[in-house]
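A short worksheet on the structure shown next.
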Amino acid sequence: MPSPTVVHDLDQAYLTIMQSRAQGTKWGLVPTMGALHDGHLSLVQAARETCDAVAVTIFVNPTQFGPGEDLDRYPRTWEADLAALEQHQVDLVFAPTIESMYPPGCTTRVRPSDVAADLEGRFRPDHFEGVATIVLKLFQVLPAEHAFFGQKDYQQCLVVRDMVRDLNLPIHLSFRPTVREADGLALSSRNRYLSDVDRQRALGLSRALAAAAARAHQGERDPQRLEALATQVLEDAGVDRIDYVALRDADTLVPLKELADRAVMLIAAHVGATRLIDNRVISVVASEAASQG
Ligand code: AMP
């Protein structure tokens, strides 16, 4: 199996994509922070199916971490990542240094749309500014036709969607369903922080979402009651601290007076020293609600 071309240099990455595009190759881009798992690889798979060639970026982006967050201890598993990407026939891996992405004086930032203000934006104030900035920079350095993101980071998908729309970026986006363990735990690079006991408690997030979806399916339309139910399930599971449990409009993330056609429940909670997020789209039209990932 051919190894992916590993590129650290920005100009080389740009030229590789541009020269290949000139010959008609359609590129798919999968931005990641490494510590790859099957969630990331599902995006690679989707890119493979949609595009002629796939570029994966591995960059732990410092501007999206706040003071006191886990930037320094974020897992880095370069060898295993590269092996997985080779297995998945990735063509190019872009792994820049922090200094090359943010040289001295690089202080321009993207201000994300209003969709970034609440939820993660409230608990991680500069997070989405950092995300939007690095995603735009990656789109510039690797000018692919198509980029792939996971709905696991639901609010992030909407931030990127709005940035592409508002800044007229010439790229097509796909948002892919969350990949979960058999017991429901959403795959996350941060799951490797969890002890066995914590991992059990972490199941509270997906269980809370499933309970709310089931109750909505039974006819409950009151967002507060659905949020209260999910909160109860989280507390029963023994999570240490809940940042938010919120049922919102699935497109705008504005609070709802009543459960509408397409809503999303989003949760952030701490288990031990690990902060976890999860979400679930709850559709009350037709019978899809219970099966959404
Ligand atoms: P990260 O490395 O955490 O920045 O994630 C890189 C990309 O993988 C983002 O688009 C994430 O939303 C996506 N991703 C992370 N976890 C999952 C998952 N469990 N299922 C699907 N996509 C995921």
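List of remarks:
- Size descriptor for the stretch 189-292, Kirkwood hydrodynamic radius: 13.7 Å (Cα pairs only, one decimal).
- Its Kirkwood hydrodynamic radius, worked out from the mean inverse distance over all distinct Cα pairs, puts the stretch 5-176 at 16.3 Å.
- Note on Val285: accessible area is roughly 70 Å² with a 1.4 Å probe, heavy atoms of protein only.
- The chain, accessible area per residue, ligands and nucleic acids excluded (1.4 Å, Å²): 46 Å²
- Cα centroid of the stretch 138-185 to Cα centroid of the stretch 249-277, whole Å: 18 Å
- Bridge orientation summary for the chain: considering DSSP beta bridges with both residues in this region, about 50 percent are antiparallel.
- Nonpolar atom fraction for the stretch 5-176, defined as the carbon and sulfur part of the 1.4 Å probe accessible area, stands at 50 percent.
- Spread over its residues, the convex hull of the C-alpha atoms of the stretch 109-199 is 119 Å³ per residue.
- Percent of Cα pairs exceeding the 37 Å cut-off, where the set is the chain: 14 percent
- Averaging the Cα positions of each part gives two centres, and for the stretch 191-215 and the stretch 38-88 these lie 23 Å apart.
The values are calculated or read from the model by the stated rules, or taken from the named source; none is laboratory data. A quick note: this is a predicted structure, and the numbers were derived from the prediction, not measured. Just so you know, the surface numbers come from the protein's heavy atoms only, side chains and all, with ligands and any DNA or RNA stripped out. Shrake-Rupley method; radii C 1.70, N 1.55, O 1.52, S 1.80 Å.
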